[in-house]
Amino acid sequence: MNMTSTISWSLIWSVYPYMPYPNNGLMYAFEPWSGHFDYDGGAIWTGAHTMQFTEVGWTILRGEMLSGGGSYVVYTCPKRKEITIVVEKLEGNCLRCAGAKTTAEQVDLSLGGFAELPASLALWMTNQTHQFVHLGDVPVVKGVVSVQVARDSIYTLSTTTGQQKASVANPPSQPFPFPYADNFEDSSVGAVGRFFADDGGSFTVDVDPKNKSNKVLKQWVKTQPGVNAWLPDMEPVTITGNAQVGDHTLSVKVSLQGHQYAGLCGRLVTPGLNDRRARDGYCLYLWSSDGSREWYWQMFAALNQTWKVLDEGDVDGTLDWHALELEMTGNQL
């Protein structure tokens, strides 16, 4: 119970929700095309149960685990004239933890040791369906405050005032703006591609080295992290669009510029896995060389970590640019 800080990763989670590690962040912003955001689904209100009731310089007076699961922490200001108590019984599964099981119980806390005992403490609560709700005041009786706490909830009791849940205009949610096209001419050099999210490598807008009047989306990382990796090596991948879209056509022009291959994939179910064969979906790849064959294309389906080649053919390797197009209609490619 000696924790003095929490790292939230990320403050605003703004990548496609079907990519790896979803729902990590204080707020969510999945739709840059609409401006819609979500602050009720994120962890921002669990953080507010501490951040809106304490200030820099406050200290942790004590903290303990609860008999029915969960914990409580008591905070106070330097002169011990204000007090904040955070009681949590959260059960949510975390990125690296299996979650917890808690039960409802009454928590009785003695407030001895303060400069002046308050007559009551304001009570705030958050659970899966209600966020940052003021439940009124709880009386302090003979130096003891008692509160009934439910499972999978977080509560704050405090002498401080001024807390609030901000009300801001939130644009309505909208689907991805199909049909969509981008030639990157309106993007700044060094910027990420509009509506693109990288999940391997690093893709940014750059000037075409063979045509200075043309802008392109370029993949910069040519080597794997090696000993510094915290996951297996990944292909350079950037993602755009809606994973739930039905019939559609994808097209892209690629210039390999000395790289071995480039690809175009659609209907991806698991786009972020490091092995292309583990990404359920359909892909069209252009290869400059695989050590035994020069310049060819392959269309393949990936399902249950099995990579099945559906069709293939040779390519003119003397061209700087190649157009790839993948049309998906019903069960036809």
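Numerical summary
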item: Heavy-atom accessible area ranking, 1.4 Å probe, most first, across Glu325, Glu116, Glu105; result: Glu116, Glu325, Glu105
item: Segment 28-173, Cα convex hull volume normalised per residue, Å³; result: 134
item: Dipole magnitude of segment 108-254 about its Cα centre (Cβ charges: Lys, Arg +1; Asp, Glu -1), debye to nearest 20; result: 200
item: Within the accessible area of the chain (1.4 Å probe), percent carbon and sulfur; result: 53
item: Ser213-Thr103 FRET efficiency (beta carbon distance; Förster radius 45 Å; 0.05 resolution); result: 0.10
item: Read-out Cα extents along the principal axes in Å, derived from the coordinates shown; its label in (1) 78, 69, 37; (2) 66, 50, 48; (3) 87, 42, 41; result: (3)
item: Anchor Lys101: aspartates and glutamates whose Cα lies under 15 Å away (excluding residues fewer than 8 positions away in-chain); result: Glu88, Glu91, Asp152
item: Cut-off under 5 Å, modelled amide H: who pairs with Thr160 long-range; result: Ile83
item: Linear extension gain, Asp137 paired with Phe30, 0.36 nm per residue minus alpha-carbon span; result: 34.8 nm
item: Heavy-atom SASA rank of Lys142, Lys212 (probe 1.4 Å, accessible area, largest first); result: Lys142, Lys212
item: Principal axes of segment 104-202: Cα extent on each, largest first, Å; result: 71, 30, 28
item: With DNA, RNA and ligands ignored, accessible area of Thr161 (1.4 Å probe; Å², nearest 10); result: 120
item: Inter-label distance, nm, simple model (7 Å from Cα along the C-beta direction), Ala301/Asn242; result: 2.4
item: Probe 1.4 Å, accessible area per residue of segment 65-180, Å²; result: 56
item: For Trp295, solvent-accessible area (1.4 Å; no DNA, RNA or ligand), Å²; result: 60
item: The chain: antiparallel DSSP beta bridges as a percent of all, rounded to 5; result: 95
item: Protein-only accessible surface order, largest first, of Cys283, Cys265 at 1.4 Å; result: Cys265, Cys283
item: Length added when fully stretched, Trp321-Val227, from 0.36 nm per residue minus Cα-Cα; result: 30.4 nm
item: Candidate lysines for bridging to Lys253, where Cα separation is under 26 Å - those fewer than 8 sequence places away on the same chain excluded; result: Lys210, Lys212, Lys215, Lys218, Lys222, Lys308
item: Fluctuation leader among Ala100, Ala197, Ala29 - the chain, Gaussian network, Cα springs under 10 angstrom; result: Ala100
item: Relative contact order, percent, the chain [alpha-carbon distance under 8 Å, six or more residues apart]; result: 11
item: Heavy atoms of Val269: accessible area, 1.4 Å probe, square angstrom to 10; result: 100
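The values are calculated or read from the model by the stated rules, or taken from the named source; none is laboratory data. Note that the structure is a prediction, hence the values are computed from the model and not measured. No Cβ is skipped: glycine too gets one built from the backbone with ideal geometry, and neighbour counts run over all protein chains shown. These area figures cover heavy atoms from the full protein model, side chains too; ligands, DNA and RNA do not enter into them. Shrake-Rupley method; radii C 1.70, N 1.55, O 1.52, S 1.80 Å.
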